[in-house]
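The values are calculated or read from the model by the stated rules, or taken from the named source; none is laboratory data. All values reported here derive from a predicted model rather than from experimental measurement. Here the Cβ positions follow ideal geometry from the backbone for every residue, glycine too, while neighbour counts run over all protein chains shown. For the accessible areas, the whole protein counts, side chains as well, though only heavy atoms, and no ligand, DNA or RNA atoms are used. Shrake-Rupley method; radii C 1.70, N 1.55, O 1.52, S 1.80 Å.
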Amino acid sequence: MLQLLFITRYLCSFSKLNADRISSEGTGIMMKWLDKRRTVKRIRNSPYETALTGLPEELETCWRASAPQEYPSISTDSYFFIRAAEGLLNFFDSVGRGSGPYALPSKAADSVWHAWLRWDAADLERFSLQHFNRTVPHIDRVRLTGPALANTLVAGRRAEGLMPHASFLPCVFRIDAELRMPQGHGYWLHRDRIDHVKLDQNGMPSQTACPHPELTMAALVEAGLVDKRFIPLPLRRRTEGSTETFSDVSSLLMVDVSGDSCSDGGADNCSDGGSSCGSSCDGGSCD
């Protein structure tokens, strides 16, 4: 009788463990299926569908291995990768649509850029020429001059067929906040201003967002990127009273400045400028 009871308990325990294992495996399979489904849908709805479809499979493998070394809390599912790659392609598409340097405002996009340079820089050059008719050199922040982030903003709007003063935030600016990129940059559009804040280890705002000094309407006008004739009168009056200045830039540079914190720029309540005043190329194959 005792032996029968022991065997019965053993079988029940084994069945429960086996059921838990099967349940766990089933959940994993379901999550992978959902990830693939979301990824395919995103590619189909992206303006860069052709380019995203042409991404080499080895790139995602390399990114999945290298990105956590730079950002330990980063998600490595396919959907995150394709969104980050989409942000990088949006940046590539934007450069060359104006003059001056260009700053990359997304660490998620930069994680793909670094992985690509590590895996095969020649393939990246070939891909850029094929899809964007130009190469985009990866340049460290120490060589950054001028209103680089503002150039990216205006060029991104032009890439969407919009005017430089349009109330629109390009994909590459939104990507970190949408993906909750660890230590990334959060940008949000609020009427006539663009707010920025450094994201924490969990991809959440580390403090209250503040207007980014390089992306105010006054700064865009001062940099010669927006004609003040297109600005509503109240904003124009504020612009005319602005004391913000930027250095003149005559050469075209494509610059990665996707992020560290800065203490010498931004608004009074914002310690991270998110661009030339403190963003950086944190690693990888920088020039």
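Numbers below:
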| read-out | value |
| --- | --- |
| Label-to-label distance, nm, for residues given as Glu160 and Arg42 (7 Å Cα→Cβ offset) | 1.8 |
| Label point distance in nm, Asp140-Glu58, each placed 7 Å from Cα along Cα→Cβ | 2.7 |
| Over segment 80-202, equivalent-ellipsoid semi-axes from the Cα gyration tensor in Å | 22, 18, 13 |
| Förster radius 51 Å - calculated FRET efficiency between Ser167 and Arg118, Cβ distance, rounded to 0.05 | 0.85 |
| Accessible surface, per residue, of segment 92-211 when the full set of protein chains is kept, probe 1.4 Å, Å² | 38 |
| Residue-by-residue Karplus 3J(HN,Hα) for segment 77-92, coefficients 6.51, -1.76, 1.60, Hz, glycine and proline x | 7, 5, 5, 4, 4, 5, 5, 5, 5, 4, x, 5, 5, 4, 5, 4 |
| Sorted largest first, extent of segment 55-120 alpha carbons per principal axis (Å) | 36, 23, 21 |
| Simple label model, 7 Å out from Cα along Cβ direction - Met204 to Trp33, nm | 3.2 |
| Chain lengthening between Gln69 and Arg126 when straightened (0.36 nm per residue, less Cα-Cα) | 17.9 nm |
